[in-house]
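The values are calculated or read from the model by the stated rules, or taken from the named source; none is laboratory data. Given the structure is predicted, the values throughout are model-derived calculations rather than measurements. Glycine gets a Cβ as well: all are built from the backbone with ideal geometry, and neighbour counts include every protein chain shown. To get the accessible areas, we keep the full protein, side chains included, count just its heavy atoms, and leave off ligands, DNA and RNA. Shrake-Rupley method; radii C 1.70, N 1.55, O 1.52, S 1.80 Å.
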Amino acid sequence: MSEFLQIERQDAVQIIRLNRPEKKNAITRDMYHGIAEALKQADSDDTIRVSVILGQPGAFSAGNDMQDFMHAALSQGSLGEEIIDFLHRLALTRKPLISGVDGLAIGVGTTLNLHCDLTFATPRSVFHTPFVDLGLVPEAGSSLLAPKIMGYQRAFALLAMGEAMTAQQALEAGIVWRVVAEDELEAEVLKTAHKLASRPPVALQLTRDLLRSAAEPLTDRIDREAQIFADRLKSAETAQAVGAFLSRKK
């Protein structure tokens, strides 16, 4: 388990907390592995009925740890088994998944919420997917899910133009269910999680299955995106864009 994750239980609710505040919760391969394992555990454990993903105050996630990500792509020729497993688990998880976003939600920090059944956000949250700016393409099935959830033009603005969304815009686009104050976020998320956990579990699961699209086309899209993404990571265009991005950060 990654040192940058905290996994805990509150009765029938599993809480997955990203805990790398000094890097604004940029996600490493070890963190991806840990999240995927926690979601698998939820699916195999009847005493877990709901999973929750939370970040830190002011930073849900700054997205991928780019240095870790580039190393995987250049050394393995793919995004890496840990990342693909995580993306598939998001698409295939059987238990309700709730997220609480406060502050930065960059890249996968935005796209993982497209897989959540409910997402809460605070007014200072910003949803931003600068894939094209880095010479990359969308991931996590977002090229399929985003147009379905928010319509083509909003999805194009988010994923292709790299236009950031405020919490209110994300609420209007349908990728956020409710906007709450910063100091109320975790309590509201957990209250809803416990409320869901108290529902008859089989009826809840069947209803969730009916509401969601078949997983097979989504995992196919995830794999297609991942291959293009990995190819782009090895391109000169991306090397130049990422190099400029890392230089600005320094």
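A few comments on the model shown:
- Heavy-atom accessible area ranking, 1.4 Å probe, most first, across 89, 224: 224, 89
- Heavy-atom accessible area ranking, 1.4 Å probe, most first, across 31, 66: 66, 31
- Heavy-atom surface analysis with a 1.4 Å probe gives the stretch 29-136 a carbon and sulfur content of 49 percent of its accessible area.
- Full-stretch length increase - residue 161, residue 210 - with 0.36 nm per residue and alpha-carbon distance subtracted: 14.4 nm
- Neighbours of residue 197 by Cβ distance under 9 Å: Lys/Arg scored +1, Asp/Glu scored -1, total +2.
- Positive-pole candidate from 213, 34, 79, dipole of the chain, charges at beta carbon: 213
- Think of a 1.4 Å ball rolled over the protein heavy atoms: the chain then has 46 Å² of accessible area per residue.
- Dipole in debye (nearest 20) - the stretch 101-250, about Cα centre, beta carbon charges: Lys, Arg +1; Asp, Glu -1: 60
- In degrees, nearest ten, helix 185-197 long axis to first principal axis of the chain (Cα): 50
- Gaussian network model of the chain, Cα within-10 Å springs - most flexible of 124, 178, 199: 199
- Global geometry of the stretch 14-150, whether rounded, prolate or oblate, following the gyration tensor of its Cα atoms and the 1.5 cut on a/c: rounded
- Dipole magnitude (debye, nearest 20) for the stretch 176-228, charges at Cβ of Lys, Arg, Asp, Glu: 340
- Whole-percent carbon and sulfur share, accessible surface of the stretch 157-200, 1.4 Å: 52
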